[in-house]
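First comes the structure, then the notes that go with it.
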Amino acid sequence: MLTPYNTNLPPDLRRMKEEIEGYARDYGLDFYETIFEVIDADDLNEVAAYGGFPTRYPHWSFGMQYEELRKGYDYGLSKIYEMVINNDPCYAYLMRSNHAVDQKLVMSHVYGHCDFFKNNAYFAHTNRKMMDEMANHGARIRRYAEKYGEDEVETFMDRCMSIDDLIDIHSTAIRRRGDSTRYDFTPEPESEGDDVKATRFKSKDYMDDYINPRDILKKEEEERRKVKEEMARSFPEHPEKDVLLFLIENAPMKGWQRDVLSIIRDEAYYFTPQGQTKVINEGWASYWHSTMMTQKVLLPSEVIDYADHHSGTMAMQRGRLNPYKLGIELLRDIEHRWNTGKFGKDYDDCDDLDKRRKWDTQLGLGRKKIFEVRRVHNDITFIDTFLTPEFCVQHNLFSYAYQEQQGQYTIESREFEKIKQRLLFSLTNFGKPWIYVVDGNFRNRGELLLKHTFNGVELRLDHAADTLANIQFVWGRPVNLQTLVDGKPTMLSFDGTEHSIKTGGEIDDPRRTAPAKTR
(Lines give C-alpha, C1' and ligand atoms only; values in the text may rest on other atoms or scores of the structure.)
Protein backbone atom coordinates (compact mmCIF):
# COMPACT_ATOMS: atom_id res chain seq x y z
CA MET A 1 0.00 0.00 0.00
CA LEU A 2 1.72 3.15 -1.21
CA THR A 3 -0.48 5.69 0.56
CA PRO A 4 -1.31 4.86 4.19
CA TYR A 5 -4.60 6.15 5.49
CA ASN A 6 -6.95 5.66 8.41
CA THR A 7 -8.62 2.25 8.13
CA ASN A 8 -10.88 2.76 11.14
CA LEU A 9 -14.61 2.40 10.59
CA PRO A 10 -16.61 5.59 9.95
CA PRO A 11 -19.50 6.24 12.35
CA ASP A 12 -22.21 4.72 10.13
CA LEU A 13 -20.27 1.47 9.62
CA ARG A 14 -19.37 1.34 13.32
CA ARG A 15 -23.05 1.47 14.28
CA MET A 16 -23.79 -1.17 11.66
CA LYS A 17 -21.03 -3.43 13.04
CA GLU A 18 -22.28 -3.11 16.63
CA GLU A 19 -25.84 -3.92 15.56
CA ILE A 20 -24.91 -7.00 13.51
CA GLU A 21 -22.47 -8.27 16.14
CA GLY A 22 -25.28 -8.11 18.70
CA TYR A 23 -27.58 -10.12 16.44
CA ALA A 24 -24.84 -12.70 15.84
CA ARG A 25 -24.30 -13.23 19.56
CA ASP A 26 -28.04 -13.43 20.17
CA TYR A 27 -28.19 -16.30 17.66
CA GLY A 28 -25.51 -18.14 19.65
CA LEU A 29 -22.44 -17.46 17.51
CA ASP A 30 -19.18 -17.41 19.46
CA PHE A 31 -16.20 -15.61 17.94
CA TYR A 32 -13.04 -13.69 18.73
CA GLU A 33 -13.03 -9.91 18.63
CA THR A 34 -13.43 -8.92 14.99
CA ILE A 35 -11.66 -5.87 13.55
CA PHE A 36 -13.02 -4.47 10.29
CA GLU A 37 -10.81 -2.29 8.11
CA VAL A 38 -12.13 -0.20 5.22
CA ILE A 39 -9.80 -0.06 2.22
CA ASP A 40 -10.00 0.75 -1.48
CA ALA A 41 -10.52 -1.90 -4.15
CA ASP A 42 -6.90 -1.79 -5.32
CA ASP A 43 -5.61 -2.26 -1.78
CA LEU A 44 -8.07 -5.08 -1.18
CA ASN A 45 -6.76 -6.84 -4.29
CA GLU A 46 -3.23 -6.40 -2.97
CA VAL A 47 -4.07 -7.84 0.43
CA ALA A 48 -5.94 -10.72 -1.21
CA ALA A 49 -2.90 -11.49 -3.38
CA TYR A 50 -0.91 -11.97 -0.15
CA GLY A 51 -3.52 -14.40 1.17
CA GLY A 52 -4.98 -11.76 3.46
CA PHE A 53 -1.67 -10.93 5.17
CA PRO A 54 -0.28 -7.54 4.04
CA THR A 55 3.01 -8.11 5.93
CA ARG A 56 3.75 -11.48 4.28
CA TYR A 57 7.14 -12.25 2.73
CA PRO A 58 7.78 -10.89 -0.79
CA HIS A 59 7.54 -13.19 -3.81
CA TRP A 60 6.84 -12.64 -7.50
CA SER A 61 3.86 -15.02 -7.45
CA PHE A 62 1.95 -12.60 -5.21
CA GLY A 63 2.46 -9.85 -7.80
CA MET A 64 1.15 -12.16 -10.50
CA GLN A 65 -1.93 -12.92 -8.39
CA TYR A 66 -2.46 -9.20 -7.78
CA GLU A 67 -2.40 -8.46 -11.53
CA GLU A 68 -5.01 -11.16 -12.13
CA LEU A 69 -7.29 -9.78 -9.40
CA ARG A 70 -6.82 -6.16 -10.50
CA LYS A 71 -7.63 -6.86 -14.14
CA GLY A 72 -10.62 -8.98 -13.18
CA TYR A 73 -11.97 -6.08 -11.11
CA ASP A 74 -11.17 -3.40 -13.73
CA TYR A 75 -12.88 -5.38 -16.50
CA GLY A 76 -15.91 -6.15 -14.34
CA LEU A 77 -15.25 -9.90 -14.35
CA SER A 78 -14.77 -10.40 -10.60
CA LYS A 79 -15.04 -8.55 -7.33
CA ILE A 80 -13.90 -9.40 -3.81
CA TYR A 81 -16.80 -8.75 -1.45
CA GLU A 82 -15.38 -10.17 1.78
CA MET A 83 -12.10 -11.39 3.19
CA VAL A 84 -11.57 -12.53 6.77
CA ILE A 85 -8.46 -13.86 8.50
CA ASN A 86 -8.35 -16.72 11.03
CA ASN A 87 -6.63 -14.89 13.87
CA ASP A 88 -7.25 -13.64 17.41
CA PRO A 89 -8.50 -10.98 16.94
CA CYS A 90 -10.04 -11.76 13.54
CA TYR A 91 -9.31 -9.23 10.80
CA ALA A 92 -11.80 -8.53 8.03
CA TYR A 93 -11.64 -6.09 5.13
CA LEU A 94 -14.48 -3.99 3.70
CA MET A 95 -14.31 -2.38 0.26
CA ARG A 96 -14.81 1.36 0.58
CA SER A 97 -16.96 1.59 -2.58
CA ASN A 98 -19.54 -1.02 -1.48
CA HIS A 99 -23.12 0.05 -0.87
CA ALA A 100 -24.61 -0.13 2.62
CA VAL A 101 -26.52 -3.36 1.90
CA ASP A 102 -23.28 -5.00 0.69
CA GLN A 103 -21.47 -3.91 3.85
CA LYS A 104 -24.26 -5.41 5.97
CA LEU A 105 -24.10 -8.68 4.06
CA VAL A 106 -20.31 -8.85 4.32
CA MET A 107 -20.34 -8.19 8.07
CA SER A 108 -23.00 -10.86 8.65
CA HIS A 109 -21.03 -13.32 6.50
CA VAL A 110 -17.78 -12.52 8.32
CA TYR A 111 -19.24 -13.26 11.76
CA GLY A 112 -20.27 -16.70 10.50
CA HIS A 113 -16.68 -17.36 9.38
CA CYS A 114 -15.24 -16.07 12.66
CA ASP A 115 -17.48 -18.41 14.65
CA PHE A 116 -16.40 -21.31 12.44
CA PHE A 117 -12.68 -20.49 12.82
CA LYS A 118 -12.93 -20.46 16.61
CA ASN A 119 -15.08 -23.55 17.12
CA ASN A 120 -14.39 -26.04 14.32
CA ALA A 121 -12.12 -28.90 15.38
CA TYR A 122 -9.96 -28.70 12.25
CA PHE A 123 -8.88 -25.14 13.08
CA ALA A 124 -7.96 -25.97 16.68
CA HIS A 125 -4.25 -26.45 15.91
CA THR A 126 -3.83 -23.23 13.91
CA ASN A 127 -1.78 -20.33 15.19
CA ARG A 128 -4.21 -17.70 16.47
CA LYS A 129 -1.52 -15.02 16.19
CA MET A 130 -0.74 -15.73 12.56
CA MET A 131 -0.86 -12.07 11.56
CA ASP A 132 2.18 -11.46 13.78
CA GLU A 133 3.81 -14.73 12.72
CA MET A 134 3.48 -13.83 9.03
CA ALA A 135 5.23 -10.52 9.75
CA ASN A 136 8.06 -12.44 11.46
CA HIS A 137 8.32 -14.77 8.45
CA GLY A 138 8.53 -11.78 6.13
CA ALA A 139 11.23 -10.13 8.20
CA ARG A 140 13.36 -13.31 8.26
CA ILE A 141 13.11 -13.89 4.52
CA ARG A 142 13.90 -10.24 3.75
CA ARG A 143 16.96 -10.55 5.97
CA TYR A 144 18.10 -13.66 4.11
CA ALA A 145 17.59 -11.88 0.77
CA GLU A 146 19.77 -8.99 1.90
CA LYS A 147 22.49 -11.31 3.20
CA TYR A 148 22.62 -14.06 0.56
CA GLY A 149 21.19 -12.29 -2.48
CA GLU A 150 17.64 -11.84 -3.67
CA ASP A 151 18.03 -14.11 -6.69
CA GLU A 152 19.41 -17.04 -4.70
CA VAL A 153 16.75 -16.81 -2.00
CA GLU A 154 13.93 -16.37 -4.51
CA THR A 155 15.14 -19.31 -6.62
CA PHE A 156 15.12 -21.56 -3.57
CA MET A 157 11.68 -20.29 -2.55
CA ASP A 158 10.35 -21.07 -6.03
CA ARG A 159 11.36 -24.70 -5.57
CA CYS A 160 9.91 -24.92 -2.06
CA MET A 161 6.61 -23.21 -2.84
CA SER A 162 6.02 -25.58 -5.76
CA ILE A 163 6.04 -28.58 -3.39
CA ASP A 164 4.29 -26.95 -0.40
CA ASP A 165 1.37 -29.39 -0.71
CA LEU A 166 3.55 -32.44 0.05
CA ILE A 167 2.54 -32.44 3.70
CA ASP A 168 0.50 -34.75 5.92
CA ILE A 169 -2.80 -32.93 6.34
CA HIS A 170 -3.95 -35.42 8.99
CA SER A 171 -0.81 -35.29 11.14
CA THR A 172 -2.36 -32.57 13.32
CA ALA A 173 -4.94 -35.10 14.55
CA ILE A 174 -3.08 -38.41 14.21
CA ARG A 175 0.12 -39.22 16.07
CA ARG A 176 2.49 -40.50 13.39
CA ARG A 177 5.68 -40.72 15.44
CA GLY A 178 6.69 -41.92 18.87
CA ASP A 179 8.22 -39.73 21.53
CA SER A 180 11.70 -40.84 20.52
CA THR A 181 13.31 -41.88 17.24
CA ARG A 182 16.31 -43.95 16.25
CA TYR A 183 18.38 -40.76 16.44
CA ASP A 184 17.77 -40.53 20.18
CA PHE A 185 20.99 -41.84 21.73
CA THR A 186 19.67 -42.02 25.28
CA PRO A 187 20.78 -45.39 26.78
CA GLU A 188 18.02 -47.95 26.50
CA PRO A 189 16.80 -49.77 29.61
CA GLU A 190 18.05 -53.32 29.97
CA SER A 191 14.57 -54.74 29.48
CA GLU A 192 14.43 -53.26 25.96
CA GLY A 193 15.68 -56.54 24.46
CA ASP A 194 12.57 -58.39 25.61
CA ASP A 195 10.83 -57.55 22.33
CA VAL A 196 12.99 -60.06 20.43
CA LYS A 197 12.54 -62.90 22.89
CA ALA A 198 10.25 -65.71 21.80
CA THR A 199 6.87 -66.18 23.43
CA ARG A 200 7.02 -68.80 26.18
CA PHE A 201 3.91 -70.51 27.49
CA LYS A 202 3.48 -71.40 31.14
CA SER A 203 4.03 -75.05 31.82
CA LYS A 204 5.20 -77.56 34.39
CA ASP A 205 8.94 -78.22 34.44
CA TYR A 206 8.60 -81.75 33.10
CA MET A 207 6.42 -80.52 30.20
CA ASP A 208 8.47 -77.45 29.25
CA ASP A 209 10.48 -79.15 26.50
CA TYR A 210 7.27 -80.23 24.79
CA ILE A 211 5.28 -76.98 25.19
CA ASN A 212 8.20 -74.63 24.51
CA PRO A 213 10.57 -76.49 22.13
CA ARG A 214 13.99 -74.88 22.13
CA ASP A 215 14.50 -75.05 18.37
CA ILE A 216 11.14 -73.35 17.75
CA LEU A 217 11.88 -70.63 20.29
CA LYS A 218 15.32 -70.02 18.79
CA LYS A 219 13.88 -69.75 15.30
CA GLU A 220 11.23 -67.27 16.48
CA GLU A 221 13.87 -65.12 18.19
CA GLU A 222 15.97 -65.07 15.02
CA GLU A 223 12.98 -63.96 12.98
CA ARG A 224 12.16 -61.17 15.41
CA ARG A 225 15.79 -60.06 15.49
CA LYS A 226 15.90 -59.88 11.69
CA VAL A 227 12.72 -57.81 11.60
CA LYS A 228 14.12 -55.44 14.22
CA GLU A 229 17.43 -55.07 12.37
CA GLU A 230 15.59 -54.42 9.09
CA MET A 231 13.52 -51.69 10.75
CA ALA A 232 16.67 -50.17 12.24
CA ARG A 233 18.27 -50.04 8.79
CA SER A 234 15.20 -48.56 7.08
CA PHE A 235 15.30 -44.83 6.57
CA PRO A 236 12.74 -43.57 7.38
CA GLU A 237 11.53 -46.28 9.72
CA HIS A 238 8.01 -46.01 8.25
CA PRO A 239 6.73 -44.37 5.05
CA GLU A 240 6.68 -40.63 5.64
CA LYS A 241 3.68 -38.69 4.32
CA ASP A 242 5.09 -35.31 5.32
CA VAL A 243 7.72 -34.98 2.59
CA LEU A 244 8.61 -31.42 3.60
CA LEU A 245 9.35 -32.47 7.18
CA PHE A 246 11.56 -35.30 5.92
CA LEU A 247 13.51 -32.85 3.76
CA ILE A 248 13.84 -30.37 6.64
CA GLU A 249 15.27 -33.06 8.91
CA ASN A 250 17.49 -34.90 6.41
CA ALA A 251 18.27 -32.86 3.27
CA PRO A 252 21.78 -31.32 3.08
CA MET A 253 20.66 -27.69 3.25
CA LYS A 254 22.18 -24.53 4.66
CA GLY A 255 20.70 -23.07 7.80
CA TRP A 256 18.78 -20.31 6.03
CA GLN A 257 17.41 -22.77 3.47
CA ARG A 258 16.14 -25.03 6.23
CA ASP A 259 14.46 -22.04 7.87
CA VAL A 260 12.83 -20.93 4.61
CA LEU A 261 11.45 -24.42 3.97
CA SER A 262 10.16 -24.54 7.56
CA ILE A 263 8.38 -21.21 7.04
CA ILE A 264 6.68 -22.44 3.88
CA ARG A 265 5.67 -25.69 5.62
CA ASP A 266 4.24 -23.84 8.65
CA GLU A 267 2.14 -21.61 6.41
CA ALA A 268 0.95 -24.62 4.40
CA TYR A 269 -0.36 -26.23 7.60
CA TYR A 270 -2.03 -22.96 8.60
CA PHE A 271 -3.96 -22.75 5.32
CA THR A 272 -4.79 -26.49 5.15
CA PRO A 273 -8.00 -26.40 7.29
CA GLN A 274 -9.46 -23.76 4.99
CA GLY A 275 -9.12 -26.20 2.10
CA GLN A 276 -10.50 -29.07 4.19
CA THR A 277 -13.63 -27.11 5.19
CA LYS A 278 -14.35 -24.91 2.15
CA VAL A 279 -17.89 -26.25 1.60
CA ILE A 280 -19.06 -26.36 5.22
CA ASN A 281 -17.27 -23.11 6.15
CA GLU A 282 -18.77 -21.08 3.31
CA GLY A 283 -22.10 -22.81 3.84
CA TRP A 284 -22.07 -21.88 7.53
CA ALA A 285 -21.21 -18.23 6.83
CA SER A 286 -23.83 -18.06 4.05
CA TYR A 287 -26.46 -19.63 6.31
CA TRP A 288 -25.92 -16.95 8.93
CA HIS A 289 -25.72 -13.99 6.58
CA SER A 290 -28.98 -15.21 5.01
CA THR A 291 -30.62 -15.67 8.40
CA MET A 292 -29.52 -12.36 9.90
CA MET A 293 -30.15 -10.31 6.78
CA THR A 294 -33.69 -11.62 6.17
CA GLN A 295 -34.80 -11.68 9.81
CA LYS A 296 -33.02 -8.75 11.46
CA VAL A 297 -30.80 -6.49 9.39
CA LEU A 298 -32.45 -5.62 6.07
CA LEU A 299 -34.54 -2.51 5.50
CA PRO A 300 -37.52 -2.85 3.12
CA SER A 301 -35.74 -0.70 0.52
CA GLU A 302 -32.69 -3.03 0.53
CA VAL A 303 -34.44 -6.35 -0.18
CA ILE A 304 -34.06 -6.26 -3.98
CA ASP A 305 -30.36 -5.36 -3.84
CA TYR A 306 -29.72 -8.08 -1.27
CA ALA A 307 -31.61 -10.68 -3.31
CA ASP A 308 -29.60 -9.79 -6.41
CA HIS A 309 -26.28 -10.08 -4.57
CA HIS A 310 -27.22 -13.26 -2.71
CA SER A 311 -28.51 -15.02 -5.81
CA GLY A 312 -25.30 -14.16 -7.64
CA THR A 313 -23.26 -15.69 -4.83
CA MET A 314 -25.35 -18.87 -4.82
CA ALA A 315 -25.44 -19.31 -8.61
CA MET A 316 -23.98 -22.56 -9.94
CA GLN A 317 -21.42 -22.22 -12.73
CA ARG A 318 -20.87 -24.69 -15.51
CA GLY A 319 -18.17 -27.22 -14.71
CA ARG A 320 -17.63 -25.96 -11.14
CA LEU A 321 -19.00 -26.86 -7.73
CA ASN A 322 -20.22 -23.80 -5.83
CA PRO A 323 -19.26 -24.41 -2.16
CA TYR A 324 -21.56 -21.60 -1.00
CA LYS A 325 -24.61 -23.21 -2.59
CA LEU A 326 -23.86 -26.81 -1.63
CA GLY A 327 -22.91 -25.86 1.94
CA ILE A 328 -25.92 -23.68 2.74
CA GLU A 329 -28.45 -26.06 1.18
CA LEU A 330 -27.03 -29.08 2.99
CA LEU A 331 -27.07 -27.22 6.32
CA ARG A 332 -30.67 -26.17 5.72
CA ASP A 333 -31.53 -29.77 4.88
CA ILE A 334 -29.94 -30.98 8.12
CA GLU A 335 -31.83 -28.34 10.11
CA HIS A 336 -35.11 -29.36 8.48
CA ARG A 337 -34.52 -33.08 9.02
CA TRP A 338 -33.70 -32.67 12.70
CA ASN A 339 -36.63 -30.29 13.21
CA THR A 340 -39.06 -32.79 11.70
CA GLY A 341 -37.37 -36.00 12.85
CA LYS A 342 -36.55 -37.26 9.33
CA PHE A 343 -33.69 -39.43 10.49
CA GLY A 344 -33.16 -42.60 12.47
CA LYS A 345 -34.35 -46.19 12.11
CA ASP A 346 -38.08 -45.52 12.00
CA TYR A 347 -37.76 -42.99 9.20
CA ASP A 348 -35.26 -45.08 7.22
CA ASP A 349 -37.48 -48.18 7.47
CA CYS A 350 -40.56 -46.34 6.20
CA ASP A 351 -41.36 -47.37 2.59
CA ASP A 352 -44.40 -45.13 2.11
CA LEU A 353 -43.17 -42.16 0.03
CA ASP A 354 -46.17 -39.99 0.91
CA LYS A 355 -45.72 -40.69 4.61
CA ARG A 356 -41.99 -39.92 4.38
CA ARG A 357 -42.77 -36.66 2.59
CA LYS A 358 -45.20 -35.56 5.34
CA TRP A 359 -43.09 -36.93 8.20
CA ASP A 360 -42.94 -34.47 11.11
CA THR A 361 -42.41 -35.43 14.74
CA GLN A 362 -42.05 -31.79 15.87
CA LEU A 363 -38.60 -32.62 17.25
CA GLY A 364 -37.20 -29.10 16.94
CA LEU A 365 -33.51 -30.02 17.20
CA GLY A 366 -32.40 -28.52 13.89
CA ARG A 367 -30.53 -25.47 15.18
CA LYS A 368 -28.77 -27.52 17.86
CA LYS A 369 -27.74 -30.11 15.27
CA ILE A 370 -26.15 -27.67 12.82
CA PHE A 371 -24.08 -26.16 15.65
CA GLU A 372 -22.84 -29.68 16.40
CA VAL A 373 -22.07 -30.26 12.70
CA ARG A 374 -20.12 -26.97 12.59
CA ARG A 375 -18.01 -28.10 15.52
CA VAL A 376 -16.87 -31.58 14.44
CA HIS A 377 -17.02 -31.96 10.64
CA ASN A 378 -14.89 -31.16 7.62
CA ASP A 379 -16.10 -31.27 4.00
CA ILE A 380 -15.54 -35.00 3.53
CA THR A 381 -17.26 -36.13 6.73
CA PHE A 382 -19.97 -33.48 6.22
CA ILE A 383 -20.97 -34.80 2.79
CA ASP A 384 -20.35 -38.45 3.65
CA THR A 385 -22.61 -38.25 6.70
CA PHE A 386 -25.46 -35.97 5.61
CA LEU A 387 -25.83 -36.19 1.83
CA THR A 388 -29.02 -38.13 1.07
CA PRO A 389 -30.72 -39.46 -2.08
CA GLU A 390 -33.65 -37.09 -1.45
CA PHE A 391 -31.26 -34.11 -1.34
CA CYS A 392 -29.69 -35.11 -4.69
CA VAL A 393 -33.12 -35.42 -6.33
CA GLN A 394 -34.37 -32.14 -4.87
CA HIS A 395 -31.34 -30.18 -6.11
CA ASN A 396 -30.94 -32.02 -9.44
CA LEU A 397 -27.43 -33.25 -8.71
CA PHE A 398 -25.69 -35.55 -11.18
CA SER A 399 -22.19 -36.72 -12.07
CA TYR A 400 -20.68 -35.96 -15.45
CA ALA A 401 -17.78 -37.25 -17.53
CA TYR A 402 -16.04 -36.39 -20.77
CA GLN A 403 -17.15 -38.42 -23.79
CA GLU A 404 -14.41 -38.64 -26.38
CA GLN A 405 -16.76 -39.68 -29.19
CA GLN A 406 -18.99 -36.65 -28.68
CA GLY A 407 -16.11 -34.35 -27.74
CA GLN A 408 -17.96 -32.87 -24.78
CA TYR A 409 -19.00 -33.48 -21.20
CA THR A 410 -22.23 -35.41 -20.72
CA ILE A 411 -24.30 -36.57 -17.76
CA GLU A 412 -22.71 -39.76 -16.48
CA SER A 413 -25.17 -40.79 -13.79
CA ARG A 414 -27.95 -39.58 -11.50
CA GLU A 415 -27.44 -42.44 -9.06
CA PHE A 416 -26.89 -41.30 -5.48
CA GLU A 417 -23.85 -43.49 -4.82
CA LYS A 418 -22.11 -42.28 -7.98
CA ILE A 419 -22.77 -38.63 -7.17
CA LYS A 420 -21.53 -39.06 -3.61
CA GLN A 421 -18.44 -40.94 -4.78
CA ARG A 422 -17.55 -38.18 -7.24
CA LEU A 423 -17.97 -35.47 -4.61
CA LEU A 424 -15.87 -37.25 -1.99
CA PHE A 425 -13.17 -38.17 -4.51
CA SER A 426 -12.79 -34.55 -5.63
CA LEU A 427 -12.42 -33.39 -2.01
CA THR A 428 -10.06 -36.09 -0.72
CA ASN A 429 -6.58 -34.60 -0.24
CA PHE A 430 -7.87 -31.61 -2.29
CA GLY A 431 -7.91 -33.88 -5.33
CA LYS A 432 -4.12 -34.24 -5.23
CA PRO A 433 -2.12 -37.49 -5.20
CA TRP A 434 -0.80 -39.17 -2.05
CA ILE A 435 3.02 -39.21 -2.09
CA TYR A 436 5.15 -40.92 0.57
CA VAL A 437 8.88 -41.03 1.31
CA VAL A 438 9.76 -44.72 1.31
CA ASP A 439 13.56 -44.76 1.35
CA GLY A 440 16.12 -42.02 1.98
CA ASN A 441 19.03 -44.25 0.96
CA PHE A 442 17.65 -45.97 -2.10
CA ARG A 443 20.08 -48.37 -3.82
CA ASN A 444 22.47 -47.54 -0.98
CA ARG A 445 23.50 -44.40 -2.89
CA GLY A 446 21.78 -41.69 -0.89
CA GLU A 447 19.00 -41.45 -3.47
CA LEU A 448 15.44 -40.60 -2.44
CA LEU A 449 12.61 -43.02 -3.20
CA LEU A 450 9.03 -41.74 -3.21
CA LYS A 451 5.88 -43.77 -3.73
CA HIS A 452 2.57 -42.71 -5.20
CA THR A 453 -0.43 -44.42 -3.61
CA PHE A 454 -2.52 -45.24 -6.67
CA ASN A 455 -6.27 -44.62 -6.23
CA GLY A 456 -7.48 -45.01 -9.78
CA VAL A 457 -6.11 -41.76 -11.23
CA GLU A 458 -2.69 -41.70 -12.85
CA LEU A 459 -0.22 -38.89 -12.30
CA ARG A 460 0.26 -36.22 -14.93
CA LEU A 461 3.76 -36.99 -16.10
CA ASP A 462 4.64 -33.35 -16.83
CA HIS A 463 3.65 -32.31 -13.30
CA ALA A 464 5.47 -35.32 -11.84
CA ALA A 465 8.65 -34.41 -13.73
CA ASP A 466 8.59 -30.83 -12.44
CA THR A 467 7.94 -32.02 -8.88
CA LEU A 468 10.85 -34.49 -9.02
CA ALA A 469 13.15 -31.74 -10.32
CA ASN A 470 12.21 -29.42 -7.45
CA ILE A 471 12.60 -32.12 -4.81
CA GLN A 472 15.97 -33.12 -6.31
CA PHE A 473 17.12 -29.50 -6.08
CA VAL A 474 16.48 -29.61 -2.32
CA TRP A 475 17.66 -33.21 -1.73
CA GLY A 476 20.87 -32.83 -3.78
CA ARG A 477 20.84 -36.45 -4.97
CA PRO A 478 18.76 -38.37 -7.56
CA VAL A 479 15.05 -38.68 -6.74
CA ASN A 480 12.83 -41.59 -7.81
CA LEU A 481 9.06 -42.03 -7.77
CA GLN A 482 7.15 -45.31 -7.93
CA THR A 483 3.73 -45.11 -9.59
CA LEU A 484 1.48 -46.80 -12.15
CA VAL A 485 1.34 -45.71 -15.80
CA ASP A 486 -1.13 -47.48 -18.07
CA GLY A 487 -1.60 -50.05 -15.31
CA LYS A 488 2.09 -50.98 -15.21
CA PRO A 489 4.55 -50.38 -12.33
CA THR A 490 6.72 -47.44 -13.38
CA MET A 491 9.71 -45.67 -11.91
CA LEU A 492 10.13 -41.97 -12.69
CA SER A 493 13.60 -40.63 -11.92
CA PHE A 494 15.53 -37.38 -12.10
CA ASP A 495 19.25 -37.22 -11.36
CA GLY A 496 19.72 -33.46 -11.68
CA THR A 497 20.37 -33.42 -15.43
CA GLU A 498 17.86 -35.68 -17.16
CA HIS A 499 14.60 -37.51 -16.57
CA SER A 500 14.16 -41.23 -17.07
CA ILE A 501 11.22 -43.65 -17.01
CA LYS A 502 11.52 -47.35 -16.25
CA THR A 503 8.45 -49.52 -16.74
CA GLY A 504 7.64 -52.99 -15.39
CA GLY A 505 9.37 -55.37 -13.01
CA GLU A 506 10.25 -55.04 -9.39
CA ILE A 507 12.24 -52.11 -8.12
CA ASP A 508 15.84 -53.15 -7.81
CA ASP A 509 17.30 -52.24 -4.45
CA PRO A 510 20.74 -53.78 -3.87
CA ARG A 511 20.55 -52.90 -0.20
CA ARG A 512 17.67 -55.33 0.23
CA THR A 513 19.13 -58.16 -1.83
CA ALA A 514 22.84 -58.05 -1.07
CA PRO A 515 24.23 -59.35 2.25
CA ALA A 516 24.87 -56.74 4.88
CA LYS A 517 28.40 -55.37 4.94
CA THR A 518 30.37 -55.18 8.14
CA ARG A 519 33.08 -52.76 9.12
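When DSSP beta bridges are restricted to pairs lying wholly in the chain, around 75% turn out antiparallel. Taken one residue at a time, the phi angles of segment 434-442 give Karplus couplings (6.51, -1.76, 1.60, θ = phi - 60°) of 8, 10, 10, 7, 9, 8, x, 9, 5 Hz. Gly and Pro are set to x.
Principal-axis analysis of the Cα atoms of the chain puts helix 416-427 at an angle of about 80° to the longest axis. Within the straight-line cut-off of under 19 Å between alpha carbons, the aspartates and glutamates reachable from LYS202 are ASP194, ASP215, GLU220, GLU221, sequence neighbours fewer than 8 places apart in one chain being disregarded. Estimated from the Cβ-Cβ distance and a Förster radius of 45 angstrom, the FRET efficiency linking VAL457 and ALA100 is about 0.40. A Förster radius of 35 Å, combined with the Cβ-Cβ distance separating ARG140 from LEU484, puts the computed FRET efficiency at roughly 0.30. Starting from segment 397-483, pick out the GluC sites (Glu not before Pro) whose DSSP state is loop and whose Cβ has at most 11 other Cβ atoms within 10 Å. Within segment 397-483, the qualifying GluC sites (Glu not before Pro) (loop, at most 11 other Cβ atoms within 10 Å) are GLU404. Is segment 37-153 rounded, prolate or oblate when judged by the Cα gyration tensor, a ≥ b ≥ c being the square roots of its eigenvalues, rounded requiring a/c under 1.5 and prolate requiring a/b larger than b/c? Oblate, since a/c reaches 1.5 and b/c is not below a/b.
Once the Cα atoms are used to define both axes, helix 60-74 deviates from the longest principal axis of the chain by about 20 degrees. Label segment 315-427 by shape, choosing from rounded, prolate and oblate, from the square roots a ≥ b ≥ c of the eigenvalues of the Cα gyration tensor; if a/c is under 1.5 it is rounded, and otherwise prolate applies when a/b is larger than b/c, oblate when it is not. Verdict is prolate for segment 315-427. With all pairs of different C-alpha atoms in the average, the Kirkwood value for the hydrodynamic radius of segment 318-366 is 12.1 Å.
Excluding same-chain neighbours fewer than eight residues apart, the lysines reachable from LYS451 by a Cα-Cα span under 17 Å are LYS241, LYS432, LYS488, LYS502. Among the chymotrypsin sites (Phe, Trp or Tyr not before Pro) within segment 63-123, those in coil by DSSP and having at most 14 neighbouring Cβ atoms inside 10 Å are TYR75.
3J(HN,Hα) along segment 33-39: 3, 10, 10, 9, 10, 9, 9 Hz, from the Karplus curve 6.51 cos²θ - 1.76 cosθ + 1.60 with θ = phi - 60°, whole Hz, x for Gly and Pro. Geometric descriptor of the chain, per residue, is 266 Å³ (volume of the convex hull of the Cα atoms).
In this entry, segment 241-363 is assigned a mean projected area of 14.4 nm², taken as a quarter of its C-alpha convex hull surface. Compute the separation of the alpha-carbon centres of segment 237-314 and segment 372-443 and state it in Å as a whole number. For segment 237-314 versus segment 372-443, the Cα centre distance is 19 Å.
Taking the inverse of the mean reciprocal distance over all distinct Cα pairs, the Kirkwood hydrodynamic radius of segment 367-419 comes to 13.1 Å.
Calculate how steeply helix 255-276 sits against the longest principal axis of the alpha-carbon atoms of the chain, using the helix alpha-carbon long axis, and give the answer as 0 to 90 degrees to the nearest 10. Approximately 50 degrees, to the nearest ten.
The trypsin sites (Lys or Arg not before Pro) found in segment 286-374 that occupy coil by DSSP, while having at most 16 further C-beta atoms within 10 Å, are ARG318, ARG320, LYS358.
Farthest toward the positive end of the dipole of the chain, out of GLN276, LEU449, PHE398, is the Cα of LEU449, where the dipole comes from beta carbon charges about the Cα centre.
With all protein chains kept in place, the per residue accessible area of segment 315-427 amounts to 65 square angstrom at a probe of 1.4 angstrom. Using a probe radius of 1.4 angstrom, the carbon and sulfur fraction of the accessible surface of the chain is 50%. Phi-derived couplings, Karplus 6.51 cos²θ - 1.76 cosθ + 1.60 at θ = phi - 60°, listed residue by residue for segment 369-381: 5, 5, 5, 5, 4, 4, 7, 10, 10, 10, 4, 5, 5 Hz, with x used for Gly and Pro.
Across the chain, C-alpha contacts under 8 Å between residues 6 or more apart give a mean separation that, scaled by the residue count, equals a relative contact order of 13 percent.
The values are calculated or read from the model by the stated rules, or taken from the named source; none is laboratory data. Because the structure is predicted, anything quoted here is derived from the model rather than measured. With ideal geometry, Cβ positions are generated from the backbone for all residues, glycine too; neighbour counts draw on all protein chains shown. Side chains included, ligands, DNA and RNA excluded: accessible areas come from the protein's heavy atoms. Shrake-Rupley method; radii C 1.70, N 1.55, O 1.52, S 1.80 Å.
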